[in-house]
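Below is one structure; the comments refer to it alone.
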């Protein structure tokens, strides 16, 4: 398969196809097109080593999809929970596999910011893995944004 001569639509079709081989996903994860890498980052079949590399991508669009991928390992989610871009942090807060430990850590980080993201606070509050004590703190500190 000649990936270098494929157009974006052909590459995107490969990144979203559950039958695409891991070798091809690994190659597409190195594509020069940020949107192709972004699609690989979103694929739940992407190998862990690929997700680790994509979590360091210079473009937040790629990291955003690593953060929402349910196959992303916990240590990567922990790092992405403190990303400079709120889109990335919000996707960690929505990730169904985010542990209570990561969510509490993320809330502490968000709370420490001069302007915490309301959408991230709401996403954390809605997450089933956020412990009750953290929900009570959110209600106390940010109750006005929950309505």
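The values are calculated or read from the model by the stated rules, or taken from the named source; none is laboratory data. All values derive from a computational prediction rather than experimental measurement. A quick note on method: Cβ atoms are made from the backbone with ideal geometry, for glycine too, and the neighbour counts reach across all protein chains shown.
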Residue in segment 39-61 that is within 8 Å of the chain's Cα centre (by Cα) and under 21 Å from residue 24 (Cα atoms) present: no
Close pairs from segment 112-127: first within 13 Å of residue 94 (Cα to Cα), partner at pLDDT 95 or above and outside any helix (DSSP H, G or I), Cβ under 8 Å, at least 6 apart: 124/130; 127/98
Among (1) closer than 25 Å to residue 138 by Cβ; (2) in a helix (DSSP H, G or I); (3) modelled with pLDDT of 95 or more - the single one residue 111 does not satisfy: (3)
Qualifying residue in segment 49-62 (condition: at pLDDT below 95 and outside any helix (DSSP H, G or I)): no
Residue 90 vs. criteria surrounded by 18 or more Cβ atoms within 10 Å (Cβ to Cβ) and under 25 Å from residue 53 (Cα atoms): yes
Given (1) under 9 Å from the mean Cα position of the chain (by Cα); (2) in a helix (DSSP H, G or I); (3) surrounded by fewer than 18 Cβ atoms within 10 Å (Cβ to Cβ), number of the condition residue 70 does not satisfy: (2)
